[in-house]
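**Q** Let me begin by handing over the structure; questions about it come next.
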Amino acid sequence: MAGHVTENLQRLRATLPDGVVLVAVSKFHPSEALAEAYEAGQRVFGESRALELEAKAAELPGDIEWHFIGHLQTNKVKKVVAAASMIHSVDSDRLLRTIDTEARKAGRCPGVLLQLHVAREETKFGFTPAELLEFVTPQLVASLEGVEFRGVMGMASNVDDEERIRADFREIRRVFDRLKSTVFASSPRFDTVSMGMSHDWPVAVQEGSTMVRVGTSIFGEREY
Ligand SMILES: *Cc1c(COP(=O)(O)O)cnc(C)c1O
């Protein structure tokens, strides 16, 4: 599949609207596949494991923008903060505070996306919309100077029902809009709605995604 990375990327770019950021989700794929995407002009890559991110960041060109998209344990935060410019999967108060602490120590300031849980599956991580709207206050934001609040991230239910998927994305966008018009009303950098994967990104974009996380459609199937 590696030989198709360039054409897969070209096809995707031709269909993605301007202004929607493409995160190439490269988890579980070898560095050679990422290098091919890099050669084709891709600069934003998403990884979901701290050690894999660390290893790939050491091996690949320094102008890559690494995004961490997987569930993050607090004992791995230091590694992730060292490499990632954006963390999509902030799903608890404790994790957010740990990222802030480690970022200050390292002299870094990663962008963070607050992860929402709107899908039907119990197994997914994240704040419910009500939890998130209660959690994010001006006081919280002012107290965490080691991170930059950039927006929200979420996943739709893993179902075939397009209306269900659409409703989930709409809910994620609604929570973003609410935060944007209140706590972040004077924060132009709070501008990111990360939603949409290989199978559902067109619906996500219709519902207001500004950043899609696409793996399989670029790199092929992953081997777990
Ligand atoms: C793996 C993963 C993706 C990419 O999924 P594909 O179906 O391969 O496009 C996107 N977002 C998250 C959070 C992931 O873990």
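Readers should treat all values here as calculations from the given coordinates under stated rules, not as data from a laboratory. Worth saying up front: this structure is predicted, and the values here are computed from it rather than measured. So basically every Cβ, Gly included, is an ideal-geometry build from the backbone, and we count neighbours across all protein chains shown.
**Q** Could I get the Rg over Rh figure for the chain? Both from C-alpha atoms, Rh via Kirkwood, rounded to two places.
**A** That ratio equals 0.95.
**Q** How many angstrom lie between the Cα centre of region 1-38 and the Cα centre of region 155-182?
**A** 25
**Q** Another one. Given charges of +1 on the Cβ of Lys and Arg and -1 on the Cβ of Asp and Glu, with all other atoms neutral, how large is the dipole of region 4-217 about its Cα centre, in debye to the nearest 20?
**A** That gives a dipole near 540 debye.
**Q** Tally Lys/Arg at +1 and Asp/Glu at -1 over every other residue whose Cβ is under 14 Å from the Cβ of GLU134; what's the total?
**A** Result for the neighbourhood of GLU134: -1.
**Q** I'd like the Karplus ³J(HN,Hα) series for region 143-151: coefficients 6.51, -1.76, 1.60, θ = phi - 60°, whole numbers in Hz, and an x wherever there's a Gly or Pro.
**A** So the J values, rounded to whole Hz, are 7, 10, 8, x, 10, 10, 6, 10, x.
**Q** On to the next question. Could you point to the residue in LEU140, ALA156, PHE169 farthest towards the positive end of the chain's charge dipole, with +1 and -1 charges on the Cβ of Lys/Arg and Asp/Glu respectively?
**A** The residue sitting farthest along the positive end of the dipole is LEU140.
**Q** From the helices alone, meaning DSSP H stretches of at least four residues, give me the mean residue ellipticity at 222 nm for the chain, per-run term -39500 (n - 2.57), in deg cm²/dmol to the nearest 500.
**A** Rounded to the nearest 500, the figure is -12000 deg cm²/dmol.
**Q** What is the extension gain from ALA142 to ASN75, computed as 0.36 nm multiplied by their sequence separation minus the C-alpha to C-alpha distance, in nm to one decimal?
**A** 21.7 nm
**Q** Same structure, new question: Report ³J(HN,Hα) in whole Hz for each residue of region 62-76, in order, from the Karplus equation J = 6.51 cos²θ - 1.76 cosθ + 1.60 where θ = phi - 60°; Gly and Pro get x.
**A** x, 8, 6, 9, 8, 10, 9, 10, x, 4, 10, 8, 4, 6, 9
**Q** Taking 0.36 nm per residue of separation and subtracting the Cα-Cα distance, what length does fully extending GLU223 through THR128 add?
**A** 31.1 nm
**Q** Give, as ranges by residue number, the residues of region 108-127 whose backbone N falls under 14 Å from the point 7 Å along Cα→Cβ of ASN158.
**A** Answer for region 108-127: 119-125.
**Q** Enumerate the amide H contacts of HIS117 below 5 Å, restricted to partners 5 or more residues apart or on another chain; note that Pro and chain-start residues carry no placed amide H.
**A** Placed amide hydrogens put PHE127, THR128 under 5 Å from HIS117.
**Q** So what are the ³J(HN,Hα) numbers for region 118-127, from phi and the Karplus equation (6.51, -1.76, 1.60; θ = phi - 60°), rounded to whole Hz, Gly and Pro as x?
**A** Here the 3J(HN,Hα) series is 10, 6, 5, 5, 5, 6, 6, 8, x, 7 Hz.
**Q** So who's got an amide H within less than 5 Å of the one on SER89, skipping anything under 5 residues away but keeping other chains? H placed 1.01 Å off N, in plane.
**A** Close amide H contacts, sequence-distant or interchain: LEU113.
**Q** Another question about this same structure. Give me, ordered by chain and number, the residues 5 or more places off MET211 or on other chains with an amide H under 5 Å from its own placed amide H.
**A** Residues meeting the amide H criterion: VAL21, VAL193, MET195.
**Q** My understanding is that a pair violates if its Cα-Cα distance is over 27 Å; which of LYS27/LYS76; LYS27/LYS79; LYS27/LYS180; LYS78/LYS124; LYS79/LYS180; LYS56/LYS180 do that in this structure?
**A** Cα-Cα > 27 Å for LYS27/LYS180; LYS79/LYS180; LYS56/LYS180; rest within.
**Q** Tally Lys/Arg at +1 and Asp/Glu at -1 over every other residue whose Cβ is under 14 Å from the Cβ of GLY220; what's the total?
**A** It works out to a net charge of -2.
**Q** While we're on this one: Which FRET efficiency value, to the nearest 0.05, do you get for GLU52 and VAL20 by plugging their Cβ-Cβ distance into 1/(1 + (r/R0)^6) with R0 = 25 Å?
**A** The formula returns an efficiency of 0.45 here.
**Q** In the chain, if the dipole is taken from +1 on Lys/Arg beta carbons and -1 on Asp/Glu beta carbons about the Cα centre, which of GLN73, SER217, SER198 is farthest to the positive end?
**A** The residue sitting farthest along the positive end of the dipole is GLN73.
**Q** Same structure, new question: Note down the magnitude of the dipole of region 1-45 about its Cα centre, charges +1 on Lys and Arg C-beta and -1 on Asp and Glu C-beta and zero elsewhere, to the nearest 20 debye.
**A** 140
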